[in-house]
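Have a look at the structure below before the remarks.
The values are calculated or read from the model by the stated rules, or taken from the named source; none is laboratory data. The shown structure was predicted, so the numbers you read here are calculated from the model rather than taken from an experiment. Positions of Cβ are generated from backbone atoms using ideal geometry, with glycine treated the same way; all protein chains shown enter the neighbour counts. Protein only, heavy atoms only, side chains kept; ligands, DNA and RNA dropped before computing areas. Shrake-Rupley method; radii C 1.70, N 1.55, O 1.52, S 1.80 Å.
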Amino acid sequence: MISDSQSAPQLHKNEGIKTRSNYLRGTILEGLADVSTGSISADDQQVSKFHGIYQQDDRDVRANRRKHKLDKAYSFLARICLPGGVCTPEQWIVMDDLANYCAFNTLKITTRQAFQLHGILKGNLKNVINSCNEVAMTTLAACGDVNRNVMCNPNPFASEVHAAVQQVALEVDAHLKPQTPAFSEMWLDGKPIQLTVPQAAERSQDCKGDEVEPLYGPTYLPRKFKIAIAIPPYNDVDVFAHCLGFIAIVEDGKLLGFNVSVGGGMGMTHGNEKTFPRLGEVIAFCTPEQVVAVAEKIVTIQRDHGNREDRANARFKYTVERLGKEWIREELENRLGYKLEEAREYKFVSNCDRYGWTEGADGKWHLGLFIEGGRVVDLADKPLKTGLLEIAKVHKGEFRLTANQNLIISNVAAEDKATIDAMVEQYGLDGYKSASGMRRSQIACVALPTCGLALAESERYLPTLVSDLEVILEEAGLQNDEIVIRSTGCPNGCGRPYLGEIGLVGKVPGKYNLYLGAGFDGERLNKLYRTSVTHQQIIDELKPILLAYAKEREEGERFGDFTIRKGYVQATTAGNNFHANIGAEA
Ligand code: SRM
Ligand code: SF4
């Protein structure tokens, strides 16, 4: 017989940290006031994530500092939410300024359409958060066990629908923000948080959180929660990689509503097959008026049924895997108090970005720029950061950050195109014109030197690998083909590598697991092909496959599909068979 002590659930220690934090206060302010160290306490590091800040240290200098018995070179990362990736020129100018004066002089466009500033000393955090708030940007809930920045694809072709969908993204984002007064008290001297749309004052009656946090309650969610909205035919937000996805259904230029997808996520742990990437499953259709309620109820389902004992199994994808999509739909409808309609037809064609000028339905123009690794920085030959600042000073539309870490200069009047073009050329921002199709279809997560979890390089490595692969692409005549390549420094999946036709996932310094076979439309995960391969081995492994692809592909056949048809890897048909039928030698 199992004794009580054996059967009582052992909550993960982070649950206690959240409870004791008093709605996200912890002792962060005391920690920041302590000038004897650049760091804060371990518990506060967990709590600070909800405020969008992470303690990090410069891993490039870690060993040397240890040798000289010095403390680590601590600084903080701030992640700034931009729902749907839309950023005004005024906001861009503030970000540029903060990068110069409070951070490492660069801006990172993230895979979730947000900004990251690296290298902030703890004494500057309040200044950064305040400055963002003054232009309606916030770090609140950029990280932590809450809903994160809501994504929405920056589809310039359907500009009218985009505006409606962007509004939905803003509303869902605002509705799911934590309500704790701690953020305003701690960082903003009690001033209100400025959001692009006002934070919803009320949650549904049956939310069953508590007075301070009507939606989340004092322990928030078991784990992070992510939402994306896609407008077919483009799946450039990788909607199925999300806990909750909305797929816009458009007829005759009108937004009818959204298919609802549940249970996606990327992260896993090497050697732990109980963890796996998983793609969301479409369960129903909802109208634009129902979206916010659907998002709220799904979040409460995860709050109440997610695993609070094992953080490695706490994401919503595992809740859906455990309880089944039919149960989730039934529970969702119970909580909504009405039935949802059946999902509608849709078709995705690509999860890549589109570059160059595109005209929107309203006659305004949008310029897609390639920003390698999402890093906005002044390089010796290409002053990208200065260029974008100068553009922000004259641009009358807005910027849109893409989920592939790129940038769109959006809503440009026809008469202003020439000015923007000239500036793009002057500052070397026209890289999209000459980059190979593979380079333009890449994602690299940050990894070293700032990411504490990186096992290998990613952002600093992928450009070199692509340069070497370009020699083969040239030989094969594939230089203009979009072949999706994604790398991450560890298996957490920040660059959504399991949706790369070629995926590279760091194992140890200089070695990667090589994955092949994801769908170009973002609807099929890839499969492990080789483990722990070095730079040269990656090239040697990929060369014959790329050459064969050039010669033997069928009309319109994508690289990922080809690697499956030719038997290099077997297709992954669901997250729970991601680890099965692996084509790699151990
Ligand atoms: Fe991520 C943790 C960077 C998108 C899955 N991620 C981290 C941390 C904060 C490391 C840490 O916990 O100490 C990284 C900071 C590195 C640095 O120095 O900047 C980090 N993640 C990023 C970014 C900046 C990658 C990028 O190069 O763009 C992305 C920021 C997005 C944003 O603006 O919010 C980023 N992270 C993602 C994505 C992609 C997505 O959401 O579409 C994923 C996979 C999708 C998913 O969540 O399933 C992702 N990050 C993780 C995980 C694994 C979660 C899991 O389910 O196991 C971790 C580690 C964790 O949570 O324990 C993590
Ligand atoms: Fe860091 Fe791993 Fe995320 Fe890359 S995938 S940013 S190495 S946590």
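Computed from backbone phi with θ = phi - 60° and the Karplus coefficients 6.51, -1.76 and 1.60, the 3J(HN,Hα) list for the range 23-37 is 6, 6, 8, x, 10, 4, 4, 4, x, 6, 6, 7, 7, 6, 8 Hz; x is used for glycine and proline. Shape summary of the range 295-446, radius of gyration then Dmax from alpha carbon positions: 21.8, 60 Å. Taking each residue as 0.36 nm, the span from D540 to V394 lengthens on full extension beyond its C-alpha to C-alpha distance by 47.8 nm.
Projecting the Cα positions of G519, S441, G306 onto the charge dipole of the chain (unit charges on Cβ atoms of Lys, Arg, Asp and Glu, taken about the Cα centre) puts G306 furthest along the positive direction. Taking all Cα-Cα distances within the chain, those exceeding 32 Å account for 45%.
Rounded to the nearest 20 debye, the dipole magnitude of the chain is 1700 debye, with +1 charges on Lys and Arg beta carbons, -1 on Asp and Glu beta carbons, and the Cα centre as origin. Dipole of the chain (Lys/Arg Cβ +1, Asp/Glu Cβ -1, origin at the Cα centre): which of T534, N155, A574 lies farthest to the positive side? Going by the charge dipole, the pick is T534. The mean of 1/r over all distinct Cα pairs in the range 286-339, once inverted, gives the Kirkwood hydrodynamic radius of 11.6 Å.
Taking 0.36 nm per residue of separation and subtracting the Cα-Cα distance, full extension of the segment from E160 to K69 would add 26.8 nm. Only Lys, Arg, Asp and Glu carry charge here, each on its Cβ (+1 for the first two, -1 for the last two); on that basis the range 15-65 has a dipole of about 120 debye about its Cα centre. Within the full protein context, the accessible area of K67 is estimated at about 150 Å² for a probe radius of 1.4 Å. Remark: the range 358-433 carries 39 Å² of accessible area per residue (probe radius 1.4 Å; ligands, DNA and RNA excluded). Stokes-Einstein diffusion of the range 390-475 at 10 °C, 1.306 mPa s viscosity, Kirkwood radius from Cα pairs, rounded to a whole number: 103 µm²/s. Carbon-plus-sulfur accessible fraction, the chain (probe radius 1.4 Å, protein heavy atoms only): 49%. Taking amide H as placed 1.01 Å from N in the peptide plane, T402 has its amide H under 5 Å from the amide H of L407, I408, each at least 5 places away in sequence or on another chain.
Loop-resident trypsin sites (Lys or Arg not before Pro) (DSSP state other than H, G, I, E or B) in the range 368-446 with no more than 15 further Cβ atoms inside 10 Å of their Cβ: K396. Net length available on complete extension from A574 to E134 is 154.0 nm, with 0.36 nm assigned per residue and the Cα-Cα distance removed. Computed over the alpha carbons of the range 358-433, Rg followed by Dmax gives 11.8, 38 Å. Protein heavy-atom accessible surface, 1.4 Å probe, per residue over the range 216-303: 25 Å². Phi angles across the range 69-82 convert, under the Karplus curve 6.51 cos²θ - 1.76 cosθ + 1.60 with θ = phi - 60°, into 3J(HN,Hα) values of 6, 9, 4, 4, 7, 6, 7, 10, 9, 10, 10, 10, 6, 9 Hz, Gly and Pro given as x. With 31 Å as the limit, the listed pairs K18/K69; K13/K317; K297/K527; K347/K393; K507/K543 have K18/K69; K297/K527; K347/K393 beyond it between alpha carbons. Taking Cα centre as origin and charging only the Cβ of basic (Lys, Arg, +1) and acidic (Asp, Glu, -1) residues, the dipole magnitude of the range 438-577 rounds to 500 debye. The residue among T110, V47, N133 whose Cα reaches farthest toward the positive pole of the charge dipole of the range 17-164, with charges on the beta-carbon of Lys, Arg, Asp and Glu, is V47. Measuring between their Cα centroids, the range 469-491 and the range 334-390 lie 21 Å from each other.
Given 4 °C and 1.567 mPa s, how large is the Stokes-Einstein diffusion coefficient of the range 438-577 in µm²/s, with Rh as the Kirkwood radius over Cα pairs? It diffuses with D of about 88 µm²/s by this estimate.
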